[in-house]
Structure formats: C-alpha cells, structure tokens
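The values are calculated or read from the model by the stated rules, or taken from the named source; none is laboratory data. Predicted model only: the values in this text are computed from it and were never measured. Cβ sites come from the backbone with ideal geometry, for glycine too, and all protein chains shown count toward neighbours. SASA here: full protein model, heavy atoms, side chains in, ligands and nucleic acids out. Shrake-Rupley method; radii C 1.70, N 1.55, O 1.52, S 1.80 Å.
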Amino acid sequence: MLRRTATAVLAALALAGVAGCGDEQPQTAASGSASPSPTASPVVAGPPWYDDVAPAEAALELGDRASACPMELLISAPAKWRAKAVKNGRDAAIGGAVPVCEIDAKPAGHLGFLRVWKADTPGNQQEVLDRFLDAYGEVTDRQYRRTKAGPLDALETTYVAESGTHERAILVSTIWGRFLLTLGGPDDAEHQAMLPAYQLAKQTAKNNRDWE
C-alpha cells in the first residue's frame, strides 16, 4: 500500500543515469540520516534477499507499444497477473518517482502489486532510491546492494514498511533513464508468495531499443 497523499490516488487507479554507467559513491539519505552503503551482490538464500527463490515463468511481455504498459523498459510478468498503464501518474508521484505501470497479483490469487516507476530525479542511485523511501513512509531496516536487473546496472533495497511488512525495490539504469520496480503486499506471507514474480521482472529487465 502506498503512503500519504499518494495512497488515495493509487487506490483509485487499482480500482478502475545511462545504462551501464556506474553512479558516484552513495551519499546520505535525503532525510539527513545516514543510509547503509550498498555492497556487492552476493547470492543469499532466505531472508532478506531470498535469492534462492526461482523466477516465475514469463507470460506477459510489457513495454512494447502494443502491450498493456508501453514504456522504455521491457520486463516480463507471470500468467494471470493483470497489467495496466497508470494514467496521470504525476498525481501519484512519490519522492519524484512517477508510476507508469501497475501489475496486479489478485487475478493470480495474491494480494499485492508490482509497480514500475519512472525515477529520473537528480542524484546518484542511492540518493534517488532514498528520496523515494523517505517520501514513502516510516521505512526501517533498509538494506542495499549493487546488482543487475537483466544486463542493466541496478541498486536494490529490502526494507520494512510502516505496516511492518517487508517490501522490495530495485532502481534500474537504462539508456532512457532510471526506472524503479517495487513489490508491495499486505503481509510477509504475500510478500514471499509474490517474490517469483518480482524475480522474473528483475531478471528480464532490459532496454526497449524500439522506443523513440
């Protein structure tokens, strides 16, 4: 669930750098409190990263102009998840990140969403990610790591939302700018059940070179 003023907007919606370029060293969070420095990407089984969770099988290809969510980033989603483009996304922006695609897990039997945000705000990867998290709500237990989303450079975070639920986000650098993928649900059981869909989106992310 989204926080503060964006909550009502996205609830209504639910109802109805440059790729390959490294960012400078991480800075402190936008709130002024120091954030942990991201590390390299080890393979970690179990919490909090759950790297042992296999990606779901791809069924939806998103990003092409003919898809449900035309955008500069290409990703895949599992069967039965329902994707739709977010209209008037700037009205639901959080920390400068603008939602462009919402992928609903409910038709697949889960409660939660994968969301794609355009996150072209100033700063390095951690500053952009921290700006989003600071605006998102009372986020605790932030952990970061530098990793890849498909072939693209990315900074990933796991954190505990204001509701007490673990959530996940990854900031991806494309040739068209930065995109943020987020996974949110009502509790940790749903979070873990939806991780295969998140892993799928993360592993299939790539530049949409047909975008003009």
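Against the condition at pLDDT 95 or above and part of a helix (DSSP H, G or I), how does PRO70 come out, does it pass?
On the way: at pLDDT 95 or above: yes; part of a helix (DSSP H, G or I): no.
Considered against the rule, which asks whether it is at pLDDT 95 or above and part of a helix (DSSP H, G or I), PRO70 comes out as no.
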Taking ALA193 as meeting all but one of (1) modelled with pLDDT of 95 or more; (2) of a type in the set (Gly, Ala, Ser); (3) more than 15 Å from VAL53 (Cα to Cα), write down the number of the exception. (3)
Considering region 74-88 alone, what residues qualify as being closer than 20 Å to GLY112 by Cβ and assigned to a strand (DSSP E or B)? ILE75, SER76, ALA77, PRO78, ARG82, ALA83, LYS84, ALA85
Within region 115-151, the count of residues that are hydrophobic (A, V, I, L, M, F, W, C) and open to solvent by 10 Å² or more (accessible area, probe 1.4 Å) comes to 2
When the residues of region 84-100 are filtered to those that are of a type in the set (A, V, I, L, M, F, W, C) and surrounded by fewer than 20 Cβ atoms within 10 Å (Cβ to Cβ), which remaining residue is farthest from ASP141 (Cα to Cα)? ALA85
Single residue of region 163-212 satisfying the filter (in a loop (DSSP other than H, G, I, E, B) and of a type in the set (Asp, Glu)) that is most open to solvent (accessible area, probe 1.4 Å): GLU212
Before we move on, is ASP64 over 16 Å from the mean Cα position of the chain (by Cα), within 22 Å of LYS206 (Cβ to Cβ), exposed (fewer than 15 other Cβ atoms within 10 Å of the Cβ) and charged (D, E, K, R)? yes
Check ARG131 against each of (1) in a strand (DSSP E or B); (2) more than 22 Å from ALA197 (Cα to Cα) and name the one condition it does not meet. (1)
Flag for ASP104 being charged (D, E, K, R) and either within 23 Å of ASP51 (Cβ to Cβ) or surrounded by 24 or more Cβ atoms within 10 Å (Cβ to Cβ) (or both): no
